[in-house]
1. For a quick protection proxy, order the peptides 111-118, 352-359, 51-58 by their average other-Cβ count within 10 Å, most packed first.
2. Give me the net charge for the shell around Arg394: Cβ to Cβ below 12 angstrom, other residues only, Lys and Arg +1, Asp and Glu -1.
3. Please arrange Lys163, Lys239, Lys206 by counting, for each residue, the other beta carbons lying within 10 Å of its beta carbon, fewest first.
4. Could you tell me the center-to-center distance, by alpha carbons, between the stretch 152-186 and the stretch 604-670 in angstrom?
5. For Val385 and Glu641, compute 0.36 nm times the residue count separating them, minus their Cα-Cα distance, and round to one decimal in nm.
6. Cut-off is 10 Å between beta-carbons; in what order do Cys599, Cys511 appear when sorted fewest neighbours first?
7. Grab every C-alpha pair in the stretch 173-221, bin the distances at 5 angstrom width from 0 up to the longest one, and report whole percents.
8. Give, in nm to one decimal, the length gained when the segment between Thr23 and Trp607 is fully stretched (0.36 nm per residue of separation minus the Cα-Cα distance).
Amino acid sequence: MNKIEIQPSHVVIAASASFPELTLREVGMMLTRRRGIIYTSLAGFLLLAILALIVSTRRYRSVGEIELQKDSPSSLGIQTDSGDTPSDALEVNMIIQTQARILQSDSLALQVIEDLRLEQTEDYREKWSPIGWVLGLFSSKGAPDTKGASLENSPHRRMRVLKTFHRKLTVKPIAGTRLIDVEYLSPDPQIAAAVVNHLLQGLIEKGFQARYNATMQASSWLSAQLGDLRAKTQELQAKVVKLQQESGVFALGEVDREGKDQVYSPTLEKLQMATQAEAQAQANRILKGAINDVVKTGNAEMISGLSGSSMLTGSSSGLSNSFTLIQNLRLQEANVQGQLQELSAKFGPAYPKLAELRGNLGAVQGAIQNEVNRVALRAHNDFVVAEETEQKTRIDFDADRREAEALNSKTIEYQMARQEADQTRSLYDDMLRHLKESGLLAGLHSTNISIVDWATASDKPAKPVMLLYLFGSVALGLAFGSAAALLRDVTDTRIQDLRDISRELGPIPLCVLPYQKERAALPAEASLFARSALPALDSPHSLFVESLRSLRTSLMLSRSGTPPRSVLVTSPLAGEGKSFLSWNLAILFAQQGKRVLLCDADLRRPWLHRNLDIEPRVGLSTVLAGLSVNHGASEVIPVQEVPGLFLMPAGPLPPYPSELLASHHMAEVLKVWESQYDLVLLDAPPVLQVTDAVVLSSMVNSVLLMVKHQRTPLAALEKSYGMLEEVHSASGRKINIVINGVKEQPVEGHVFYEHREREVAKA
């Protein structure tokens, strides 16, 4: 049970926070309590949806479909070596997205708008918008459009029609395919189809134009480059000719096995001859040197051995003859010596013919020596000549070699220039071929976009979708209504859930009274008391009266020991039905056979006497003022319609009602009444408005604190209960809470038994 702290200066109810756990059941109960908000929201949104369906313009949707093919050959089958062929799924997706963005481009949209004159249709006419007007007050409008200017030169018009066009256009690439769907909405189905078809045709023409422009741009660039390349080629060819002339290289007009041009160079030919001459001179000098070395020995036998030798190849004929002569003289010398030895051995040294032979031998040997000397001189002369020839040949070779080296440098430069000229010429020929092809392909290259389905006029409107509007309004109405209901329930401080009372205050309500509808007026001939519409009299078997009987029983059992003899009926605020409860409860007690005194203790705004249509000049106020004897027995008014029920009216309004009610006389009078009647019911003013009820609560045996369901704030109940609880009572007074006006809510457990009433009504 929550604790209540009471401070002496003023009453403060300090209840510990005890909020219920927010479960689905709690949410359901909150929504049930506020179902009126949900129903209102649902009805409002349904009404808005119906109005929107009525006033909305019927729009027709036309759909066209295109396909992006894999490759793009030209219409004559000419294949180009372009790198536009997609290589993977990512690149294909990029191409599809690119084409989709082109379909949504402003340039294509403006072309369609101008071709179909969409600006003159109803959809594209400028409409006044309150939101746009408000936003326009705070934004810069810029310079106005020139009157009579074209759409392209009118920024404001252009942006407005483009926004309208793009709002009605939908471009959707189909996932996993090369297809793109193009949709357009329009009040006219023919216009919708025409817009889609113009878009598709414009996309194809835009692709053609882009390719044509690219090709012609390439052709223009190639033409410019060809002029420079042609001039460069001619310059290089002139340079080749000049270098060829300077190098002394002559073309023979023939090619070798490798396909290269055969050329002739006199300088190279001369160098080759000089090289051969230098080699021959060197070889001749070596040979002459060898012969000279042999001859210088003076050995006739060795010299004669040179005759017929290969070393004499290329030697002069005189030297060869000398070698032959020496060889012959050597043979003669050998013959003479042989004869001399033969005759000397045969005839002895004194033989006369020996002297002749010796003379011949000396002559032959002298001839040999002379010839050797001549050969030596001749060989030396030949060697000297050979050396001089070699030196001269080497000088010529060196000169020819230097000339050839200079020629070689020019030849290398010539070859490089010729190679560059050939490459430039080849490049020029290739570019010229591409230039001729580009001129042909500019008009023959086909697009890779094909139309799968042309757009056609639809037979029925696509918008508004009635089911979508209705279901959407229901969903929005339920969502908005639920949110508003939850917000209203959370922010509402009035008593909604009866469990809040026990959570905040601790005590459980003594009784729950059902909601009592207003009854129709009774006939005029009925008594005034009967016309007061008191359910205890005219509807004794109603739910309300049955609940009052339960309250009567609970009240009698509320105190341990004896039942209460005096009961105070009050409420936190005015208008919560306490006087109505007092009358009906008093009637029920009286019908039980008890003597009941109903006292109107509200000395500020008395009400109970109105049910009897009297204007009492005496009452409780006169009793408390000491103007009545026997404790007001003479002021008590018996109720004729209900035996055992008596009414003590409030009487004239006193100037100080609180002082009268707090007096000892009031307590004494109440004691006397308790002894004279079985039950005394005091109808007191509200607790929070005046202090009368708080004062009277200390004198009675029981207090009925009545609150109205879904009307009385919980804080008001808490404060009222705390103020009453603060007052000390010597009679063991018990404060009971009664909830009035509770509607049947099965979710919260508020179900009332009405079977008996229905049976009685049927009877």
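Only the coordinates and a few stated rules stand behind these numbers; no lab work does. Remember, predicted model here, so these are calculated numbers, not experimental data. Don't worry about glycine lacking a Cβ; one is built from the backbone with ideal geometry, like all the others, and counts go over all protein chains shown.
1. 111-118, 352-359, 51-58
2. On the way: positive: Arg285, Lys392, Arg401; negative: Glu278, Glu387, Glu388, Glu390, Asp396, Asp398, Asp400.
Summing Lys and Arg as +1 and Asp and Glu as -1 gives -4.
3. Lys163, Lys239, Lys206
4. The distance from the Cα centre of the stretch 152-186 to that of the stretch 604-670 comes to 86 Å.
5. Working: separation 256, 0.36 × 256 = 92.16 nm, distance 18.42 nm.
Full extension from Val385 to Glu641 adds 73.7 nm.
6. So the residues, fewest neighbours to most, are Cys511, Cys599.
7. Spelled out bin by bin, the stretch 173-221 gives 5, 18, 15, 15, 16, 12, 9, 6, 3, 1 percent.
8. Numbers: separation 584, 0.36 × 584 = 210.24 nm, distance 4.46 nm.
Extra length from Thr23 to Trp607 when fully extended: 205.8 nm.
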